[in-house]
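Each reported figure results from applying straightforward, stated rules to the coordinates on display, with no laboratory input. The structure presented is a predicted model; accordingly, all values stated were derived computationally and were not measured. Quick reminder, even Gly has a Cβ in these numbers, built from the backbone with ideal geometry, and neighbours come from all protein chains shown.
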2 protein chains.
Amino acid sequence: MTSSSWVPGVTPDTPFSLANIPFGVISTKDDPTPRPAVAIGSNALDMKALNGGIWLGELVPELKGHEHVFQQTTLNAFAALGRPVHQQVRKALRDLLTAGSSHAAKLQDNEELRQKALIPLSQAKMHMPMAIGDYTDFYAGYHHAFAVGSMFRGPAAALQPNYTHLPVGYHGRASSIVVSGTPVRRPWGQILLDPAAEPKQPTTAPCRRLDFELELGCFISTPNEQGTPVGIGDAEDHIFGYVLLNDWSARDIQSWEYVPLGPFNSKNFASTISPWVVLADALEPFRAKGIENKTPVQDYMKEDKAETAIDISLEVDITTDVVVPQMIAHHTLGGCNMRTGDLLGSGTISGTEPGERGSLLELSEGGKKDVMLYGMDMRRFLKDGDTVTIRGVCGGNGEKVGFGECTGRIYSAVQR
Amino acid sequence: MTSSSWVPGVTPDTPFSLANIPFGVISTKDDPTPRPAVAIGSNALDMKALNGGIWLGELVPELKGHEHVFQQTTLNAFAALGRPVHQQVRKALRDLLTAGSSHAAKLQDNEELRQKALIPLSQAKMHMPMAIGDYTDFYAGYHHAFAVGSMFRGPAAALQPNYTHLPVGYHGRASSIVVSGTPVRRPWGQILLDPAAEPKQPTTAPCRRLDFELELGCFISTPNEQGTPVGIGDAEDHIFGYVLLNDWSARDIQSWEYVPLGPFNSKNFASTISPWVVLADALEPFRAKGIENKTPVQDYMKEDKAETAIDISLEVDITTDVVVPQMIAHHTLGGCNMRTGDLLGSGTISGTEPGERGSLLELSEGGKKDVMLYGMDMRRFLKDGDTVTIRGVCGGNGEKVGFGECTGRIYSAVQR
């Protein structure tokens, strides 16, 4: 049954429906201090202001004594309270925002508070939702790994022998992760202008093969102790929520530098995330069966349910086969400690059809073919001034659970 | 000319001489709040207590208004003040601690303050000196790269074509870096028990080839803005100081997982650093010519001085050929922003002689030969209960600039 909200602007088409209630960090002209908020339709509900007017600890007993989490400049303190508290808070907020519900009047009929706490999204500046300790990028998108591996090594050797046994991942750069809308500068790097020439002679130049990568990002809520792995059955309890992630990639820098220790400068100049964190519970209704792995996974990654993936329609209607609990179980297997706010990237998500590719590298078949992108003319890689926007949504019929936009514009390289 | 200190216990052999004055973070039984200190001989000088009794801003005008940096639980705020301030503070402290100097009486003759601020190292608990945002590990030790590369690919292909052109580096795990003395648990991981068998079938088991890696760590002081590279000429200004670093490595996990994106679980369970940060200025007198690179480096990494390396005698008398300014210039070339407290690892430092190897992998020639380690019986890799201690020192004759110890003991894997 579809409930409706008394808040104006909650259209049947909004990604921020009552079924969503995603968390972000906003500031306004009047109050430039960043603070937690949730998105509802075309408004942000300022959690700091709301908590000043409605004693949230009375609606959500688990929150009592922790209300200060809504006075922080990031969501880390709220995330650290753990999934049962997130569930209760989300439920209470949905109740507060639903027309005719038992608690709706508390906010709906309090004009002063409503005026203060409900802020049009157009007037809210979005900030990084979390302080990110460590960022790990996985390579879990099977179709992407296969397509890119085929380009580099041919289809027979496209996937390394370990690929079907473990979620291949590597540590990325946390400092340069920015929120949607932040300008991205084209990076300089070492590039082989003539890859065939011997001896190899790199040049220092601005990247000529700048790419995006469409990924799903997952934020960690509660930490685990160093030396203590997270079992696959407990992994879900460590998930706070999800964002869209654009892992900008400099392909010409990457192909020269990545042997033998992986990508470095080709990735660390910037990654962009969408500003609203969709809580893990909001995605529960969209569980789906993941892509079948014919190789039996090791015991420590075996889940006891069939529906381990999430069905998200990304920009080009790709369903993700991202299995975050396996990533967490694998990441912590040796005892690595995750901290609140750590970000896990899924790796590029691609489908099987030619149009369903999550990067230009794949769309242009390694830079050999011109590609038509929405609103741009033909290109193989990104030009200065290009804007890349990723959108993703689950569900429909007035109950859309959407991520909003993850967008970034390319600015020309610095002068050297 | 060698000056002497009025502080008892500053022997000619101490690594913490007047020529050193390294910074760390201590706590005591009486005051369990971590706080900055410097090491002098066998004592720690509590900077918080000192600043309560002596107005440091009067001795060091650049510090005025910033004295709160000594009330923090890490050195990040002090590091962020920049190298000129570190220089002045170190100079003022050396003056305060030197027998017969103009300011010595301020502390030497103030018994109450002296009792409070001078704490025997045996009574000081050491904490992580910095809050580490990102950890980057380089692979800059030429002899190590060549030895390990030879093992995997033979001497002719030991080094990849990019090796002589750029400092190969990768992003490591910041959350699991611990201070010297913290126990290290043997990690579980995916391991190929029979690497020759086809198809490859990994097993989940505790690591059987646990190794150490002897490295030098460098902490970043002032940040650079995202999108703005640090020029090689300015790189030194971003260096706060140095520690010893043991990058524990699970070789059997590493060899299975590392293709194509680099080491992950084989490294992220723990890295250990020595607790005292030796400031960049304390190492200035020990500059040396680095190992000659026959390949001309790209302009953005060209230094305008001949002595670009630092001559540190590590445990087995290996001189490092670590060129940190090149690492910083390369790391930020594409615009990656460094933050105060970021840690750069040199990569394993090895010499050219059989005994001068910074890891068991090299000493045991890939696990094929038994090795005699100080105070242990013969082994190829580390056993439960083994303790690895790294020491490093520059100079001598009462002016030793030492790092103290970087030590860790291996505990058995968790039960699963």
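Worth pointing out:
- For segment A:389-404, 3J(HN,Hα) computed residue by residue from phi via the Karplus equation (6.51, -1.76, 1.60; θ = phi - 60°) reads 10, 10, 10, x, 8, 10, x, x, 6, x, 10, 5, 10, x, 9, x Hz, glycine and proline entered as x.
- Residue with peak Gaussian network fluctuation, chain A [Cα springs, cutoff 10 Å], from A:Pro285, A:Pro199, A:Pro263: A:Pro199
- Between segment B:243-311 and segment B:376-404, the alpha-carbon center distance in angstrom: 17
- Taking every C-alpha pair closer than 8 Å and separated by at least 6 residues, the mean separation divided by the residue count of chain B gives a relative contact order of 22 percent.
- As a ratio to 2.2 N^0.38 Å, the alpha-carbon radius of gyration computed for segment A:198-311 takes the value 1.41.
- Helix-only CD estimate at 222 nm, as mean residue ellipticity for the protein assembly as shown, using -39500 (n - 2.57) per DSSP H run (n ≥ 4): -4500 deg cm²/dmol
- Taking other residues whose beta carbon is less than 12 angstrom from the beta carbon of B:Ser180, and scoring Lys, Arg as +1 and Asp, Glu as -1, yields +2.
- The aspartates and glutamates within cross-link reach of A:Lys368, meaning a Cα-to-Cα straight distance under 17 Å and a gap of 8 or more places when in the same chain, are A:Asp194, A:Asp211, A:Asp252, A:Asp377.
- Taking the empirical scaling 2.2 N^0.38 Å for compact globular proteins as reference, the protein assembly as shown has a Cα radius of gyration ratio of 0.97.
- Shape class for segment A:137-243: oblate, because the ratio a/c of the largest to smallest gyration tensor axis (alpha-carbon atoms, square roots of eigenvalues) is 1.5 or more and b/c is at least a/b.
- Label-to-label distance, nm, for residues given as B:Glu307 and A:Met378 (7 Å Cα→Cβ offset): 6.0
- Global form of segment A:82-137, assessed from the alpha-carbon gyration tensor, a/c cut-off 1.5: oblate
- Selected from B:Gln108, B:Pro183, B:Met130, residue furthest toward positive end of dipole (chain B; charges at beta carbon): B:Pro183
- Dipole magnitude of segment A:179-326, debye to nearest 20 (Cβ charges: Lys/Arg +1, Asp/Glu -1, about Cα centre): 740
- Shielding by other protein chains, B:248-261, mean Cβ within 10 Å: 4
- Each residue in A:Phe146, B:Phe403 was given a count of other beta-carbon atoms within 10 angstrom of its own, and listing them fewest first yields A:Phe146, B:Phe403.
- The phi-based Karplus calculation (6.51 cos²θ - 1.76 cosθ + 1.60; θ = phi - 60°) puts the 3J(HN,Hα) values of segment B:71-81 at 10, 8, 8, 9, 8, 4, 5, 5, 4, 5, 6 Hz, whole numbers, x for Gly and Pro.
- Shielding by other protein chains, B:269-279, mean Cβ within 10 Å: 1
- Cβ-based exposure ranking for A:Ser274, B:Ser3, A:Ser122, in which fewest neighbours within 10 Å come first: A:Ser122, B:Ser3, A:Ser274
- Distant-in-sequence amide H partners of B:Ile40 (H built 1.01 Å from N, under 5 Å): B:Leu45
- For segment B:120-128, Karplus couplings with θ = phi - 60° (6.51, -1.76, 1.60), whole Hz, Gly/Pro x: x, 4, 5, 9, 9, 8, 8, 10, 4
- Anchor A:Lys48: lysines whose Cα lies under 19 Å away (excluding residues fewer than 8 positions away in-chain): A:Lys29, A:Lys64, A:Lys91, A:Lys106, A:Lys116, A:Lys125
- Segment A:23-127 shape via C-alpha gyration tensor axes, a/c threshold 1.5: oblate
- Cα-centred dipole magnitude for segment A:23-127, charges only on beta-carbon of K, R (+1) and D, E (-1), debye, nearest 20: 300
- Violating pairs (Cα-Cα greater than 22 angstrom) within the set B:Lys289/B:Lys400; B:Lys302/B:Lys400; A:Lys267/B:Lys267; B:Lys267/B:Lys294: B:Lys302/B:Lys400; B:Lys267/B:Lys294
- Of the residues A:Ala197, A:Leu216, A:Ile232, the one whose Cα sits farthest towards the positive end of the charge dipole of segment A:191-298 is A:Ala197 (charges of +1 on Lys and Arg Cβ, -1 on Asp and Glu Cβ, taken about the Cα centre).
- Sequence-separation-based contact order of segment A:23-127, relative, with Cα cut under 8 Å and 6+ spacing, percent: 36
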